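Here the structure comes first, spelled out in structure tokens, and everything after it is commentary.
Please treat every number below as a calculation from the coordinates, not as lab data. All values derive from a computational prediction rather than experimental measurement. Cβ coordinates were reconstructed from backbone atoms using ideal geometry, including for glycine residues, and neighbour counts include every protein chain displayed.
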Amino acid sequence: MAYEGVLTKMQTEFQDPIQYYLVFENSFLHMNQLLGKPLAIHHTGYQCLHCGKAKKIFRQGFCYDCFMQSPSAGDWIMKPELSTAHLDIEDRDLAYEKRIQLQPHIVYLALSSEVKVGVTRKSQVPTRWIDQGAVQALPIVEVPNRYLAGITEVALKQYFADKTNWKKMLKNEVPAADLLLMLTTLAEKLPEEVRPYFDLNANKIWELHYPVLQYPSKVASLNLDKSPFYEGKLVGVKGQYLIFEDQTVFNVRTYEGYAVKIEV
């Protein structure tokens, strides 16, 4: 059976294990149900997620022009400390930036390949951790805007990684770590204006389990531009990656905006 559409990041449900869905305009695939089965991916074109035109994707699902102009691709997305909506200062579209930046944000520790610090909107808990392939996550502070979350992350980068080692994450090479113990040492490391939001008793650790039958011992990434057709047996889903029996992995999020046909 064939499913056709434009790739966007997989939608998820927080269950045990995480439930994954690849959603197209008129259909969807429940990826958990496809474990152990062959899957073929055909790259058939492009469609910018912003303007909808059939233009080559540049980054984050956008064509070059939209990536350079869209407010949802501003530098403050990747670097929250650059947020300025709380000062009434526009980057690309102040109304959009206020809507996204001026809402509760969580700074957290997550264990994926090592302990990392990160930022997410409160509305994206626990989706953000699922997308990273974290096996544990611990919220540190909840702040009222993205700027405060950003400067907290910058301060804590001195002590923790801020990126996931995706190869280790996919191979399930996760070290033991005591996130609650780390929490007890954080107060003095926070920026002054963030310390009132720190709650030492906010000690809920999230545990996340993924639908994986077999972890790879090494990984080879599928590149749709170089290999527009691929076929393999699906043996796992973790983060935003599909894991195949031949140790090929496919990062769905990297290929947002790519038109595909998937045969199952």
- Percentage of interatomic Cα-Cα distances in the chain larger than 26 Å: 46 percent
- Message: Can you tell me what share of the DSSP beta bridges in the range 103-207 is antiparallel? A percent to the nearest 5 is fine.
- Response: 95 percent
- List every residue whose amide H lies under 5 Å from the amide H of Val235, counting only residues 5 or more places away in sequence or on a different chain, with H placed 1.01 Å from N in the peptide plane. Gly36, Ile243, Phe244, Glu245
- Item | Estimated vicinal HN-Hα couplings, Hz - the range 94-110 in sequence order (Karplus 6.51, -1.76, 1.60; Gly, Pro = x) | 4, 4, 5, 5, 5, 5, 8, 7, 9, 8, x, 10, 10, 9, 9, 9, 9
- In a shell of Cβ-Cβ distance under 9 Å around Gly5, excluding Gly5 itself, what net charge do Lys and Arg (+1) and Asp and Glu (-1) give? -1
- Karplus (6.51, -1.76, 1.60) ³J(HN,Hα), θ = phi - 60°, over the range 55-68, in Hz, Gly and Pro reported as x: 10, 4, 6, 9, 6, 6, x, 10, 5, 4, 4, 5, 4, 7
- Message: Among Ser83, Ala95, Phe67, whose Cα projects farthest towards the positive end of the dipole of the chain, with charges put on the beta-carbon of Lys, Arg (+1) and Asp, Glu (-1)?
- Response: Phe67
- Query: Which value, in debye to the nearest 20, gives the size of the charge dipole of the chain about its Cα centre, when Lys and Arg are +1 and Asp and Glu are -1 at the Cβ?
  - Reply: 500 debye
- Item | Karplus 3J(HN,Hα) series, Hz, for the range 155-164 with 6.51 cos²θ - 1.76 cosθ + 1.60 (x for Gly, Pro) | 4, 7, 4, 5, 10, 9, 5, 10, 9, 8
- Charge tally in the Cβ shell below 11 Å around Leu138, where Lys, Arg are +1 and Asp, Glu are -1, Leu138 excluded: -1
- Task: Could you tell me which of Val115, Ile130, Asn201 has its Cα farthest along the dipole of the range 103-207 towards the positive end, charges placed at Cβ (Lys, Arg +1; Asp, Glu -1), taken about the Cα centre?
- Result: Ile130
- Task: Report, by chain and number, residues whose modeled amide H sits under 5 Å from the one on Thr164, excluding near sequence neighbours (fewer than 5 apart, same chain).
- Result: none
- Item | Helix-derived mean residue ellipticity, 222 nm - over the chain, DSSP H n ≥ 4, -39500 (n - 2.57), to 500 | -4000 deg cm²/dmol
- Unit charges at the beta carbon, dipole of the range 1-124: most positive-side option, Leu39, Gly52, Leu22: Leu39
- Query: Loop-only check: which trypsin sites (Lys or Arg not before Pro) in the range 219-264 are DSSP coil with at most 13 other Cβ within 10 angstrom?
  - Reply: Lys226
- Query: For the range 103-207, what is the charge dipole size about the Cα centre, in debye to the nearest 20, if Lys and Arg each add +1 at the Cβ and Asp and Glu each add -1 at the Cβ?
  - Reply: 340 debye
- Message: Using only the Cα atoms of the range 115-264, what semi-axes does the equivalent ellipsoid have when each is the square root of 5 times a gyration tensor eigenvalue? Give whole Å, largest first.
- Response: 34, 17, 13
- Message: I need the trypsin sites (Lys or Arg not before Pro) found in the range 22-77, filtered to DSSP loop residues with at most 13 other beta carbons within 10 Å of theirs.
- Response: Lys53, Lys56
- Message: Among Tyr46, Tyr241, Tyr21, which one shows the highest mean-square fluctuation when the chain is modelled as a Gaussian network with alpha-carbon springs under 10 Å?
- Response: Tyr21
- Restrict the search to the range 150-210; then list the chymotrypsin sites (Phe, Trp or Tyr not before Pro) that DSSP places in a loop and that have at most 14 other Cβ atoms within 10 Å of their Cβ. Tyr159
- How do His43, His30 rank when sorted from fewest to most other Cβ atoms within 10 Å of their own Cβ? His30, His43
- Note on the structure: Between Leu109 and residues 5 or more places away or on another chain, the pairs with built amide H atoms under 5 Å apart involve Leu138, Ile140
